[in-house]
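Quick notes on the structure that follows.
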Amino acid sequence: MLHQLSWKVGGQQGEGIESTGEIFSMAMNRLGYFLYGYRHFSSRIKGGHTNNKITVRPTEVRSIADDLDILVAFDQETIDVNYKELTETGIILADSKFDPVKPEDSKAPLFAVPFTEVAAELGTSLMKNMVAIGATAALLNLEDEVFQNVVDDIFGKKGEEVVQKNMEAIARGHELMNELLGERVGEWALAPADGKRRMFMIGNDAVALGALAAGTRFMAAYPITPASEIMEYLIKKLPKFGGAVIQTEDEIAAATMAIGANFGGVRSFTASAGPGLSLMMEAIGLSGMTEQPLVVVDTQRGGPSTGLPTKQEQSDLMAMLYGTHGEIPKVVIAPSTMEEAFFDTIQAFNIAEELQLPVILVTDLQLSLGKQSVEPFDYNKIEIRRGKIVTDNIEEAADKAYFKRYENTEDGISPRVLPGTLNGIHHVTGVEHDETGKPSEATGNRQVQMDKRFRKLAALKFDNPVYSNAPHEDADILLVGFNSTRGAIEEVQERLNAQGMKVNHAHIRLIHPFPSTEVAPLVAKAKKVIVVENNYTGQLANIMKMNVGGHDKIETITKYNGTPFLPGELENRVKELTR
Amino acid sequence: MATFKDFRNTVKPNWCPGCGDFSVQAAIQRAAANVGIEPNELAVISGIGCSGRISGYINSYGFHGIHGRALPIAQGLKMANRDLNVIASGGDGDGFAIGMGHTIHAIRRNIDVTYVVMDNQIYGLTKGQTSPRSAAGFITKSTPGGAIEPSLKPLEVALTSGATFVAQGFSTDIKELTALIEAGINHKGFSFINVFSPCVTYNKVNTYDWFKENLTKLADIEGYDNSDRGMAMRTVMEHEGLVTGIIYQDTETTSYQEKVPGYSELPLTDIDIKMSENDFNELVKEFM
């Protein structure tokens, strides 16, 4: 009996590989298993190798598994590219249609199953994925019924006949596989799960749901991988809440439109990836200078330029911190789990309004598109704070003087009045301005307004800017990361501690302003600090050095080939560095 | 009820004496009073350039944005608060060079915003370089041998981009210009108003006298029908764009906001943003 199953389905893009993985995952999720799914795909619609690797177990799963138990192949390329990941007891199920060949050095047995042929007999070869799911069910010793409600949900609107055909395809695949397995039936059965229903979602879902729960009613965005799911979710859901999404002509319009709506008093935002972030820099500067709230989500992908649009990378940090010309206060938040992605998004909107500045919520492709089981979010933890909005009873000023929108207050945060309000008339501008928003180049005023804008950061409220698991007072190693590397680092920490090393872990959730007070003691407690990041130059390591020093002990493990860190590989690289 | 004086503030414009922009400012103030709105019900969103300063010279809510981006800001604001009257304004460089992409898309999107362009065929604030509206051969600091590119034709571009309201005015004729802006504000959709607003400092070709000599009022053209897009196009082309009046209007149009499914009839700013527990649980369930 297995305690963890690693299952991968692969084939040509556009062949239904995604839905095979989706149906299998949904059924397992509904049985109460914890899942972590990661898709390998290309920036094209049809063709090109794609695969979906899903790790399933009855206890919480934090990262992609190192290896593979079952490989389901719809083409030879899938076998050739992936067979090396298979464990000693691994197995390959392949569609007999392409006459699969087992690589010479593969220890895993290959079963050729007539997926396409059986599906065609049932009416359409499109159902080959359901036959493959049936075959998987046989391996795991699952009843076909566990797929019934998933098939109902997905095919129900196409009619009862389609549902039945698909269930029949599963049953046929199951039978066929049982025959092929003979005595080995049950060998890959998975330890039972708790049967509890959990959410199964990608990071983009968590962010989009967070934005909706935060009260956003307007989004302006331009499609881009890997961010588009956020706008697509809101396009579906906002009408119910009276709001709207505009797909703009470019990211410049997206960010400036969101600023316009925030100026109007509606929580609004945009979401993009690196190329869009580059275009939004002038808007981010405008938000900072005019003190209009703005939330920008950056789902990092491989850069630079068009880079690796569908691959994992974490290389936008410096751009987020320093991309805008001139100097503005801003906040950069980096969630590392689904739950954080949801609640941090709400916090991003709160902070943007409270401090009246741009907030960038950064994720990465693995977090944005990786699909995981999550406990339902707690409604009672949703907190909305809108800051210093003045709505009524404003006294009429003499001589049509403007409302002091940039009043030099003690905490730097000025009262904010929304257009339309009586006696609240004021002017906002990206030009340096005085307390009333009138352009001013006076030296004294410039200093007052710069100081005022930056003073706001002291009022930043952000709980747990660093997630840490640091049991050792005299650690050999402090592993540091941000965003999606959390699971792999946790896993490696556990393994190395079990092997007798003293390893602490810190995950940076607030990138800017950098939480030096929380990070410095963790650095002090470790002989060596290893920053793990998906980029070439070690951007987070450099930000740490700038803020907490430690140049003599901070080292990096970087990876920039487009794929996420796997625990095994990270474990080996940490060992190499400590040898 | 507010008069045009209520739309004046105490800020002294930094435009050159004789600049056409003074009259455009006055026309906007008069039009706002004429349509019966109060200063706090108006927002003027501007870009960068001499003309971009206009948002600070009108007693209304104002947003002086970034170069070329007045329109996205204005559209976002209108989406947030549909009860607000939103006027976007800027120069020909702002709207037809750096912001041209936004101009075309704002026109085809048809959100209920009025866009007033102060067209002086030159870059003034940067002290005299060519503009997309400068005629071929026009000599400036950046085109000492004369502009090589032909002048951009904003009226034709607007008409072919699906505009539902296209007008053109001349700053000297405040009466006509006021009427055009009023009609633009009353139009249910995006209204595009190009205004010849001469630069007395850097443009010695397209002067007040030059316009007086070359402009034709559409009102003087017998049988002109501004509901006929084809006729509008032909007339504009025949007169090389030198006409004033409402060039085209689709009075039956419905704005973007009226077409968005589910979009609130109340301003979004008036909706309670806290989601109910029931709604939240429904959304969570969809992921299970």
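The values are calculated or read from the model by the stated rules, or taken from the named source; none is laboratory data. Computed from a predicted structure; not experimentally measured. Please note: Cβ atoms are built from the backbone with ideal geometry, for glycine as well, and neighbour counts cover all protein chains shown. These accessible areas exclude ligands, DNA and RNA; they are computed on the full protein's heavy atoms, side chains included. Shrake-Rupley method; radii C 1.70, N 1.55, O 1.52, S 1.80 Å.
Observations on the structure shown:
- Within the stretch A:542-560, being more than 19 Å from A:P304 (Cβ to Cβ) and not polar (S, T, N, Q) holds for A:M544, A:K545, A:M546, A:V548, A:G549, A:G550, A:H551, A:D552, A:K553, A:I554, A:E555, A:I557.
- Residue in the stretch A:264-278 that is more than 7 Å from chain B (Cβ to nearest Cβ) and free of Cβ contacts under 8 Å to residues at least 40 places away in the same chain present: no
- Of the candidates B:V86, B:V117, the single residue that is open to solvent by less than 10 Å² (accessible area, probe 1.4 Å) and away from chain A (no Cβ under 13 Å) is B:V117.
- Scan of the stretch A:487-499 for residues that are over 25 Å from the mean Cα position of the chain (by Cα), under 17 Å from A:F565 (Cα atoms) and free of Cβ contacts under 8 Å to residues at least 60 places away in the same chain, ordered by number: none
- Qualifying residue in the stretch B:237-249 (condition: out of contact with any strand residue (DSSP E or B) (no Cβ under 9 Å at 6 or more places or on another chain), aliphatic (A, V, I, L, M), within 14 Å of another protein chain (Cβ to nearest Cβ) and open to solvent by 50 Å² or more (accessible area, probe 1.4 Å)): no
- Residue count for the stretch A:46-55 satisfying the condition of being β-branched (V, I, T) and either over 19 Å from the mean Cα position of the chain (by Cα) or open to solvent by 10 Å² or more (accessible area, probe 1.4 Å) (or both): 1.
- B:E149, sole failed condition from (1) part of a loop (DSSP other than H, G, I, E, B); (2) closer than 25 Å to B:Y248 by Cα; (3) of a type in the set (D, E): (2)
- Yes/no for B:Y202 being in a loop (DSSP other than H, G, I, E, B) and within 14 Å of chain A (Cβ to nearest Cβ): no
- Helices (runs of 4 or more DSSP H) lying entirely in the stretch A:151-258 (those with 1 or more residues that are of a type in the set (S, T, Y)): A:228-237
- Residue check for A:D411: of a type outside the set (S, T, N, Q), part of a helix (DSSP H, G or I) and at pLDDT 95 or above: no
- Of all residues in the stretch A:337-371, those satisfying the criterion of being assigned to a loop (DSSP other than H, G, I, E, B) and over 20 Å from A:S272 (Cβ atoms) are A:T337, A:Q356.
- Within the stretch B:9-30, the residues that satisfy the criterion of being of a type in the set (A, V, I, L, M) and within 19 Å of A:K400 (Cβ to Cβ) are B:V11, B:A26, B:I28.
- Any hit, the stretch B:89-104, residues being of a type outside the set (S, T, Y), crowded, with 24+ Cβ neighbours inside 10 Å and under 21 Å from B:A32 (Cα atoms): yes
- Residue, nearest to the other protein chains (Cβ to nearest Cβ), within the stretch B:250-275, restricted to residues that are charged (D, E, K, R) and under 30 Å from A:K381 (Cβ atoms): B:K274
- Every residue from the stretch A:208-241 that is under 15 Å from the mean Cα position of the chain (by Cα), farther than 21 Å from B:E277 by Cα and buried (at least 24 other Cβ atoms within 10 Å of the Cβ): A:P226, A:A227, A:I230, A:M231
- Residue check, B:G124 crowded, with 24+ Cβ neighbours inside 10 Å and more than 12 Å from chain A (Cβ to nearest Cβ): yes
- The numbered conditions (1) without any contact (Cβ under 8 Å) to a residue 60 or more places away in the chain; (2) farther than 19 Å from A:I382 by Cβ are all true for A:R217 except (2).
- Considering the stretch A:413-441, the residues that are within 11 Å of chain B (Cβ to nearest Cβ) and among the β-branched types (V, I, T) include one that is surrounded by the fewest Cβ atoms within 10 Å (Cβ to Cβ), namely A:V431.
- When restricted to residues that are under 28 Å from A:T87 (Cα atoms) and open to solvent by 10 Å² or more (accessible area, probe 1.4 Å), the stretch A:192-207 contains 6.
- Of all the residues in the stretch B:225-257, those that are free of Cβ contacts under 8 Å to residues at least 24 places away in the same chain, in a helix (DSSP H, G or I) and within 17 Å of B:I107 (Cα to Cα) number 0.
- Options B:I98, B:I37: the member that is among the β-branched types (V, I, T), more than 30 Å from B:S142 (Cβ to Cβ) and within 13 Å of another protein chain (Cβ to nearest Cβ): B:I37
- Inspection of the stretch A:466-476 identifies no residue that is within 14 Å of chain B (Cβ to nearest Cβ) and under 30 Å from A:M338 (Cβ atoms).
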